1. Looking only at region 197-250, how many residues end up being under 23 Å from residue 264 (Cα atoms) and assigned to a helix (DSSP H, G or I)?
2. Looking at 244, 286, which one is among the hydrophobic types (A, V, I, L, M, F, W, C) and open to solvent by 50 Å² or more (accessible area, probe 1.4 Å)?
3. Among the listed residues 456, 527, identify the single one that is touching a helix residue (DSSP H, G or I) at 6+ places or on another chain (Cβ under 6 Å), under 20 Å from residue 338 (Cβ atoms) and either modelled with pLDDT of 85 or more or more than 14 Å from ligand 1 (Cβ to nearest atom) (or both).
4. Taking interchain pairs and intrachain pairs at least six residues apart, which have beta carbon atoms under 9 angstrom, with the first residue in region 393-422 and on the phi > 0 side of the Ramachandran plot and the second in a helix (DSSP H, G or I)?
5. Does at least one position in region 500-515 carry a residue that is of a type in the set (Asp, Glu), crowded, with 20+ Cβ neighbours inside 10 Å and modelled with pLDDT of 90 or more?
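The values are calculated or read from the model by the stated rules, or taken from the named source; none is laboratory data. The model shown is predicted, which means the values in this text are computed figures rather than measured ones. Glycine also receives a Cβ, built like all others from the backbone with ideal geometry; neighbour counts cover every protein chain displayed. Surface accessibility is based on the protein's heavy atoms, side chains included, excluding ligands, DNA and RNA. Shrake-Rupley method; radii C 1.70, N 1.55, O 1.52, S 1.80 Å.
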Amino acid sequence: MTDTRPSLDIKTVSTTPFPDQRPGTSGLRKKTRVFMQPHYLENFVQSVFDAIREEIGGFAHQTLVVGGDGRYYNRPAIQTILRLAVANGFGRVLIGRGGLLSTPAMSAVIRRRSALGGLVLSASHNPGGPDADFGIKYNIRNGGPAPEGVTERIYQRTLNIAAYRTVTVPDIDLDHQGETTIGRTQVIVIDPLADYAAVMEDLFDFGALRKLFRSGFRLIFDAMHGVTGPYAQELLEKRLGAPAGTVIHGAPLEDFGGHHPDPNLVHAAELVAAMAERDAPDLGAACDGDGDRNLILGRTFFVTPGDSLAIITEHAQRSIPGYRTGLAGVARSMPTSTAVDRVATALGVPCYETPTGWKFFGNLMDAGLCTVCGEESFGTGSSHLREKDGVWAVLCWLSILAATRTSVEKIVQAHWERFGRSYFQRYDYEDLDVKQATEMVAVLRTKLTTLVGTSLSGSRITVADDFSYKDPVDGTVTERQGIRIVLADGSRIVCRLSGTGTEGATLRVYLERYQKGAVNEGIEQVLAPLTHVALHLLELRERCGRDKPTVIT
Ligand code: VG1
Ligand code: CO
């Protein structure tokens, strides 16, 4: 234990604002080299501290948590943040060993250790490396992403910042748990797994899951060289007795092995191929770089995120001890398929529709209005934390499979037979010209009022608007959250521009068609008329020169 108190040298460094530090859907995300510019990270972190200090006075009795997904620049960024935290007078800083903390584990640590908040270093499912992406997001006291009021205050500070405070001290050892004191700040390198694992043990019946694996049940969990490798090894292989080798790509790597750590059918191709083999395991799963997204596969069978959310909601009370007393309500982001709405109706609980981004679920969960929530972008979670949670979703599916003793595909088929099926796909058009894309969406917006009442692919348009959300807890109104065109038969077309990209603009087009019967048709064929109309209304080819999406999920 070292005490560097006598030599502590707090410096005030002059700086000038960067104009581009407005957080997006999930924190500030940029090219890594942008973050590596002198003062860039420091400016943002000092702005976070300034914005939250306003609320609470000083930091002397406060704890800050820091950790990331292990991508390139994670470690130097943590050392920089630690120096700023010390100079800004934090009483305690907790750092995940190896600089690692998954996004849901960050939420668990903040909540269980009553921290003021935390900084997560991640660009989520975006690739990592000096020429790829980096990011930082601030989570508040409830363990969830900072709501827009807070991120907006942070942004305003970044526009006016003139100086930041730091100290000159050597790097701390991130690889061994332990405690040290720098000035008045206690710095603790913590086990990044312990708090999270304890939350999972509280929710799930580990005995039943151990029995499932003992009975010969087989799982492949693809950590995609992101942060979930160590979590999955600890929980699945060590605590639940899944055979060694269940977790693949389990070592966190700075460049994720050169891949996108994005758990979808395109980027998790190796897992998808393994699940298509004749003797494939019973369940295939993958998580993204920071561990908050999940992909669920049966044998040659893909479970869409919207169906997964609906099915977890349907089975939670019966299959998972943590939800034995039932669900208070459910929530989904607006573009997410309406499958969960029908389950909520059957359960007799409310279903909330929020804008895209996990930050909008926090208030609902804090107020006890919703238990399970999710997004079409492979994110599912519940009020056990305030972040979406990839490993939790896998444990949910294991629990459902343990309780029903049937296959993934049969569970989904049974769901469709009871509730009908929402055929759902998202088309992403990446790297569009920002000006052209913004204009394209603006033009579509002007056409909306004339669309209502007209007919589209054989059905009448009942709603055509730009989604606006009034938070039922604090009344905050958030506007322009995506254009939606809803048909009388329940079909929907939703268009919005991404708020997480680091280059150009990305247009997302979400297509949904509900069928009560005929649940086993080809998805492309069912959605084709909607796709056609969407591209025509947007004038995508004329305005942006594109007709093929970059990725379909
Ligand atoms: C995307 C998804 C959104 C998700 C967000 C952060 O945002 O659509 O549902 O919450 O990423 O996820 P956008 O603005 O690009 O559509 V994560 O796992 O990247 O933190
Ligand atoms: Co993520």
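1. Here the count works out to 8.
2. Details: 286 fails: open to solvent by 50 Å² or more (accessible area, probe 1.4 Å).
Only one candidate qualifies: 244.
3. Answer to the check: 456.
4. Qualifying pairs under 9 Å: 405/212; 420/339; 420/342.
5. Going residue by residue through region 500-515, those that are of a type in the set (Asp, Glu) are 503, 512.
Then keep just the ones that are crowded, with 20+ Cβ neighbours inside 10 Å; that gives 512.
Within this subset, residues satisfying the condition of being modelled with pLDDT of 90 or more are 512.
Yes, region 500-515 contains at least one residue that is of a type in the set (Asp, Glu), crowded, with 20+ Cβ neighbours inside 10 Å and modelled with pLDDT of 90 or more.
Yes or no, residue by residue, for (1) away from ligand 1 (no atom under 16 Å from the Cβ); (2) in contact (Cβ under 8 Å) with a residue 40 or more places away in the chain; (3) touching a helix residue (DSSP H, G or I) at 6+ places or on another chain (Cβ under 7 Å); (4) more than 18 Å from residue 134 (Cα to Cα):
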residue	(1), (2), (3), (4)
15	yes, yes, yes, yes
21	yes, yes, yes, no
29	no, yes, no, no
33	yes, yes, no, no
38	yes, no, no, no
42	yes, yes, yes, no
45	yes, yes, yes, no
53	yes, no, no, yes
58	yes, no, no, yes
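Residues are listed down the side, and each one gets a yes or a no for (1) at positive phi; (2) surrounded by 16 or more Cβ atoms within 10 Å (Cβ to Cβ); (3) within 30 Å of the chain's Cα centre (by Cα); (4) among the polar types (S, T, N, Q):
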position	(1), (2), (3), (4)
162	no, no, no, no
169	no, yes, no, no
184	no, no, no, no
195	no, yes, yes, no
198	no, no, yes, no
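Let's see how each residue does on (1) in contact with an Asp or Glu (Cβ under 9 Å, 6 or more places away or on another chain); (2) among the charged types (D, E, K, R); (3) within 16 Å of ligand 1 (Cβ to nearest atom):
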{"position": "298", "(1), (2), (3)": "yes, no, no"}
{"position": "318", "(1), (2), (3)": "no, yes, no"}
{"position": "341", "(1), (2), (3)": "yes, yes, no"}
{"position": "352", "(1), (2), (3)": "no, no, yes"}
{"position": "386", "(1), (2), (3)": "yes, yes, yes"}
